[in-house]
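The structure appears below as C-alpha cells.
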Amino acid sequence: MTFVPGALDEPVRSRRNHWNNQIATHAQMRPEAVAIRYRGEDITWKQFHERSQRFADALARRGVGFGDRVLILALNHPQYLEAVLGITALGAIAVPVNFRLTPPEVAYLVADSGATAIVTDSVLQPLALGVRAQAPALNTVFVIGGSTGEGVLGFEDVLTEGGESHTPLDIPEDTPALIMYTSGTTGSPKGAILTHSNLNSQALTCIRAMDLTPDTVGFCTSPLFHIAGLGSLVPYFVLGARFVLHPLGAFDATEFLDAVEAEQATAAFCVPAQWQLICEEPTVKERNLALRMLSWGAAPASDSVLRAMADCFPQAQNVAVFGQTEMSPITCVLEGKDALRKLGSVGRVIPTIAARVVDDECNDVAPGEIGEIVYRGPSLMLGYWNKPEATAEAFSGGWFHSGDLVKQDEDGFVWVVDRKKDMIISGGENIYCAEVENVLFAHPKIHEAAVIGRAHEKWGEVPVAVVALADPADTLTLEELEPFLNENLARYKHPKHLVVVPELPRNASGKVVKVDLRKDYSS
C-alpha cells in the first residue's frame with residue numbers, strides 16, 4: 001500500500017484523542033444537542049465547535065501558531081471555553097490567569113509565559129489594558145462583550161470579520177494544551193504545563209469516580225482559570241453531556257440552589273467553604289433537587305461540613321477528590337459508599353497512577369506513619385514552564401513530590417495531615433496545622449480557622465490560631481477555648497495565641513492564603 005500524506009491528513013487528525021476532536025465529533029453526530037447552558041441560554045455542540053474554530057482563524061490571522069501562548073483573563077463565559085478551544089486548535093497554549101491579581105502580578109505571568117495576546121472581558125478590560133501598559137509584548141487584546149481603543153478587538157467582531165481560515169493541524173496528544181499557574185500561596189506562581197494526554201487522564205478519572213454518563217447534567221461554579229474549573233468540564237467534552245456554567249461573583253448559596261433546582265443539575269463540584277454555606281441555607285432541605293453526585297476538593301473539609309452534607313443531601317453520593325494542579329489535578333478519590341465509613345479521608349489513589357508515601361530520603365513509610373505522597377502517571381505535568389530547577393526539584397528521585405504530608409491505612413485510604421511547608425516543629429515535636437484546624441472547626445463559636453507558626457525563643461515555633469466566628473458580634477479568648485482544646489488535643493499542639501478576624505483571606509480556589517496570615521500574625 002502506498003501512503004499519500006495529503007490523503008491521510010484528515011483520518012490521522014481525527015484519530016487524535018483531545019478536546020478539539022471530541023467537540024468536533026459531537027458537532028457532527030449531535031449538532032443540535034445542548035453543550036452549554038449559561039444564564040438560561042443554550043449553546044449547541046455545533047455552535048460551540050464552529051465558534052471555537054472561527055476564533056482559531058482570528059488568532060492565526062494575527063500570527064498565533066503552534067506553541068505560542070495566549071493569556072485568558074476573564075470571568076466565566078462560554079466564550080472563555082471557545083477561546084481555549086480556539087487556541088489549542090492551532091497547537092498553541094492557553095494560559096488561564098486569576099482575575100483577582102494586580103496588573104504587576106499579571107504582567108509577571110505575561111513575561112514568564114511569553115504570551116503575545118490576551119483574551120479578556122468588558123469587566124476586566126481595564127485590568128488587561130493596565131497589564132499591556134507594563135508588558136509591551138502583549139500586542140493583541142480580545143474583549144468578550146465589547147471593545148474600545150487601539151489594538152483592542154471585540155471577541156464577537158473577530159468571529160465574523162471574514163478572511164483566511166487556519167490550516168487544520170495534526171496535534172499529538174503530548175502537545176501542551178495549558179499552562180496553569182499555581183495559586184502562589186507560598187511564593188511566586190509556577191506554571192504547570194498540562195498536555196492533551198494529561199487532560200484525557202483527568203476525564204477518565206472523573207467519569208469513573210463520579211459515575212458520569214451522557215445524561216449527566218453538570219454544574220460548574222469554579223472559576224475557569226483554576227484546574228478545578230476547566231478540569232471538571234473535560235469529561236463533559238468526552239461524553240457529549242450538557243453542563244451549566246455558573247456566572248462568577250460573590251458566592252451566594254441561595255442563588256446556587258435556585259440555579260441547580262431550575263436546571264435540574266445532577267452533579268456539582270464546590271469547595272468545602274461553599275458546601276458549608278449551602279448546607280446552612282434555610283431552604284436547602286425543601287428544594288426539588290435532582291443532585292445525585294456531590295463532589296468537593298481544592299481545600300480540606302472539616303468533619304462538621306461533611307456530616308452536614310450527608311444530612312442535607314441524603315440521596316446523593318458525596319465524592320471527595322484530592323490532588324493538585326501538577327497532576328491535572330485528581331490523584332485520590334473517596335467514593336460515596338466510603339464517605340461515612342472513612343470520614344475525613346480523601347480516599348484511595350486512582351487506578352491510573354502510582355503513588356508512594358515516603359520520608360525525607362524517599363524511603364517508603366509504614367501504614368499509619370506520616371510521610372510525603374509522591375506520584376507517577378499519565379496525568380503528571382510535563383514540568384514547570386521556564387523553571388528547570390523547580391522542575392528538577394519536584395521530580396527528585398524519579399517521582400513527583402507533591403508537598404502533601406499524608407498517612408495511609410491498611411486498606412489504602414489516604415488521610416491528608418498537612419502541607420509539608422505548613423508543618424510546625426515545636427520543641428522537637430511535629431505539629432500538623434490541619435489537625436489543629438479540624439479540632440478548632442468543631443468548636444461551636446468558630447466558623448473557620450487557620451493555624452500558622454510563630455517564632456518562639458524557647459520552642460523554636462509555636463502554633464497561632466486565626467479564626468473567624470460564627471457570630472461576628474461574639475467574642476472568644478484563648479482562656480475560654482482552653483477546656484475545649486484539653487478534651488480534643490494533646491497539650492503541646494495547643495495554639496499559644498488566638499487571633500479573631502472577620503474572615504480568613506482566601507484565593508479563588510477557596511484555599512486560605514496562609515502567606516498573608518504569616519505576614520500579619522507570625523511575629
Would you confirm, using the coordinates I've provided, whether L204 is outside the structural domain of F48 (by TED's automatic domain parsing) and assigned to a helix (DSSP H, G or I)? yes
Just give me the residues in the range 60-70 being farther than 16 Å from I179 by Cβ and either touching a strand residue (DSSP E or B) at 6+ places or on another chain (Cβ under 6 Å) or part of a helix (DSSP H, G or I) (or both), in sequence order. A60, R61, R62
Do we have any residue at all in the range 102-116 that's more than 11 Å from V64 (Cβ to Cβ) and not in a helix (DSSP H, G or I)? yes
Scan of the range 376-402 for residues that are within 12 Å of Q324 (Cβ to Cβ) and either buried (at least 21 other Cβ atoms within 10 Å of the Cβ) or touching a residue at least 60 places away in the same chain (Cβ under 8 Å) (or both), ordered by number: S379, L380, M381, A394, F400, S402
K496 over 30 Å from L75 (Cα atoms), of a type in the set (K, R) and surrounded by 12 or more Cβ atoms within 10 Å (Cβ to Cβ): yes
Provide a single number: the residues in the range 307-341 that are buried (at least 21 other Cβ atoms within 10 Å of the Cβ) and under 21 Å from A470 (Cα atoms). 1
Log entry, pairs with first residue in the range 77-92 being surrounded by 24 or more Cβ atoms within 10 Å (Cβ to Cβ), second being in a helix (DSSP H, G or I) and among the basic types (K, R), beta carbons closer than 6 Å, six or more apart or on different chains, reads E82/R51
Looking at the range 27-46, can you tell me whether even one residue there is at pLDDT below 95, in a loop (DSSP other than H, G, I, E, B) and either assigned by TED's automatic domain parsing to the domain that holds G229 or out of contact with any Pro (no Cβ under 6 Å at 6 or more places or on another chain) (or both)? yes
Go through the range 136-159 and report how many residues are within 28 Å of the chain's Cα centre (by Cα), of a type in the set (A, V, I, L, M) and in a strand (DSSP E or B). 3
Find the strands (runs of 3 or more DSSP E) located wholly in the range 303-364 whose residues include 1 or more that are under 20 Å from the mean Cα position of the chain (by Cα), over 23 Å from T391 (Cβ atoms) and in contact (Cβ under 8 Å) with a residue 40 or more places away in the chain, and list them. 317-323, 330-334, 347-349
Of (1) modelled with pLDDT of 95 or more; (2) not assigned by TED's automatic domain parsing to the domain that holds G163, M1 fails just (1)
Given (1) at pLDDT 95 or above; (2) within 30 Å of P378 (Cα to Cα); (3) not aromatic (F, W, Y), identify the lone condition not met by V466. (2)
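The values are calculated or read from the model by the stated rules, or taken from the named source; none is laboratory data. Keep in mind the model is a prediction, meaning the values are calculated, not measured. FYI the Cβ positions are ideal-geometry reconstructions off the backbone, even for glycines, and counts take in every protein chain you see.
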